[in-house]
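The values are calculated or read from the model by the stated rules, or taken from the named source; none is laboratory data. Fair warning: this is a prediction, and the values are worked out from it, not measured in the lab. No Cβ is skipped: glycine too gets one built from the backbone with ideal geometry, and neighbour counts run over all protein chains shown. Each accessible area value is taken on the protein alone, full model and side chains, heavy atoms only, with ligands, DNA and RNA left out. Shrake-Rupley method; radii C 1.70, N 1.55, O 1.52, S 1.80 Å.
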Amino acid sequence: MTELELRDLRKTFSARGRPAVDAVRGIDLALRSGELLGLLGPSGCGKSTTLRMIAGLETVTGGDILVDGSSVIARPAQQRNIGVAFENYALYPPLTVAENLAFGLRARRRADRGDVDRKVKEIAERVDLTAILDARPAGLSSGQKQRVSLARALIREPDVLLLDEPLSHLDAAQRDTTRRELKRIQRDLGHTTILVTHDQEEALSLADRIAVMRDGVIQQLGTPYEIYDSPANVFVADFVGEPAINLLPGIAEADGHARLSPTVRIALPMPVPAGREVVVGIRPEDLSLTGEDGGLAARVVAHEPLLESGIATLALDGVERPLVVLTDPEVRLAHDDRVHVTADPHLTHVFDAETGDSLR
Ligand code: ADP
Ligand code: MG
């Protein structure tokens with residue numbers, strides 16, 4: 001049972017002759033024992049740097065890292081008992097898969113031979129490596145290498161598990177099975193885990209809570225539902241959800257609507273002072289096509305019929321941005337068709353146009 005806490009954690013990279021990079025700009029996070037936290041954000045936002053500091057592979061510019069309430073900042077990586085699986089696998093090429101797995105154990109404590117062999121077998125079984133235990137890294141697919149890297153982190157029975165894009169090199173089918181397996185292993189073994197990913201689906205399906213990060217700052221921390229249902233700002237709303245949320249600039253009016261154009265108004269979920277510039281956010285799945293008598297008139301720009309649902313791109317009169325709507329699978333639409341679309345105000349999001357923050 002291990003709790004992990006980051007307090008105002010910071011990292012600035014400074015090299016002579018180059019401008020300093022504030023990669024991590026004051027992160028506060030507290031992981032409960034056994035929790036799987038997804039650290040989600042675009043490339044370059046500071047995810048790997050955060051993990052590397054926790055693992056002790058990168059010095060800290062400011063702040064603190066606490067494991068079960070004690071600062072580990074002064075401890076070298078080997079003394080932190082943190083298992084790490086990074087995107088670039090860092091396997092030892094001359095060693096077989098079994099030897100790669102055993103290596104970490106042997107290096108750390110004088111484990112007895114039989115014990116090490118048993119652990120290697122056990123973990124290989126769990127991560128589906130039994131058939132390739134005698135292979136060397138050069139002969140493995142990238143997916144296999146990634147699983148070896150994961151197994152090597154797990155075999156140490158770490159207090160904290162840090163996974164940096166652990167499934168990024170797997171193909172779609174493997175990713176699904178490995179994702180389920182990873183979740184099961186993490187649950188079974190109860191590791192307090194941070195999983196770094198830029199893939200929202202991975203974060204949504206695996207994590208107990210998600211921290212959405214941008215430019216070295218956590219934008220929102222919450223359960224997958226909280227992040228999806230109540231995004232804290234335009235960035236989070238836009239980053240989570242596929243197809244992406246519609247974000248439409250407008251001006252609030254006194255009667256609880258936002259005006260998007262001279263002829264188009266949308267009902268807001270709560271009163272907003274008249275005249276305030278807002279961004280109205282509506283997810284494509286929260287819009288529906290209706291009959292003539294209700295909703296907003298729109299023109300079909302394009303419709304992509306897919307198996308489970310279609311994606312319609314609509315134009316609202318005088319509104320610059322297209323409106324993307326998820327349609328029922330049986331719906332057929334042609335370019336320039338006239339349709340009506342309705343939004344449930346309770347599922348409509350409102351953000352301040354200037355700060356991007358949610359007004360809820
Ligand atoms: P992510 O993992 O989210 O893609 P990183 O943590 O790798 O992001 O990088 C965050 C920022 O820090 C980026 O701007 C990156 O270029 C910069 N950075 C990372 N490592 C170094 C380094 N060793 N020296 C200088 N800048 C770095
Ligand atoms: Mg990274």
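Counting only strands (runs of 3 or more DSSP E) that sit wholly inside the stretch 192-271, those with at least 3 residues that are closer than 30 Å to Thr178 by Cβ are 192-197, 209-214, 217-222.
Among the residues of the stretch 33-47, count how many are within 17 Å of Leu4 (Cα to Cα) and either within 11 Å of ligand 1 (Cβ to nearest atom) or of a type in the set (A, V, I, L, M) (or both).
The total comes to 4.
One residue stands out among those in the stretch 16-25 that are free of Cβ contacts under 8 Å to residues at least 12 places away in the same chain and of a type outside the set (Gly, Ala, Ser): the one that is farthest from ligand 2 (Cβ to nearest atom), which is Arg16. The number of residues in the stretch 26-57 that are away from ligand 2 (no atom under 13 Å from the Cβ), open to solvent by 20 Å² or more (accessible area, probe 1.4 Å) and under 15 Å from the mean Cα position of the chain (by Cα) comes to 0. Picking from residues in the stretch 58-78 that are of a type outside the set (S, T, N, Q), free of Cβ contacts under 8 Å to residues at least 40 places away in the same chain and open to solvent by 20 Å² or more (accessible area, probe 1.4 Å), the one that is nearest to ligand 2 (Cβ to nearest atom) is Ala77.
Looking across the stretch 275-296, just one residue is in a loop (DSSP other than H, G, I, E, B), at pLDDT 95 or above and open to solvent by 70 Å² or more (accessible area, probe 1.4 Å), and that is Arg276. Taken as a whole, the stretch 80-100 holds at least one residue that is of a type in the set (S, T, N, Q), surrounded by 14 or more Cβ atoms within 10 Å (Cβ to Cβ), modelled with pLDDT under 95 and away from ligand 1 (no atom under 16 Å from the Cβ). Scanning the stretch 48-61 for residues that are near ligand 1 (Cβ under 8 Å from one of its atoms) and among the hydroxyl-bearing types (Ser, Thr, Tyr) yields Ser48, Thr49, Thr50. Here Val148 does not qualify as in contact with a helix residue (DSSP H, G or I) (Cβ under 7 Å, 6 or more places away or on another chain) and more than 23 Å from Leu57 (Cα to Cα).
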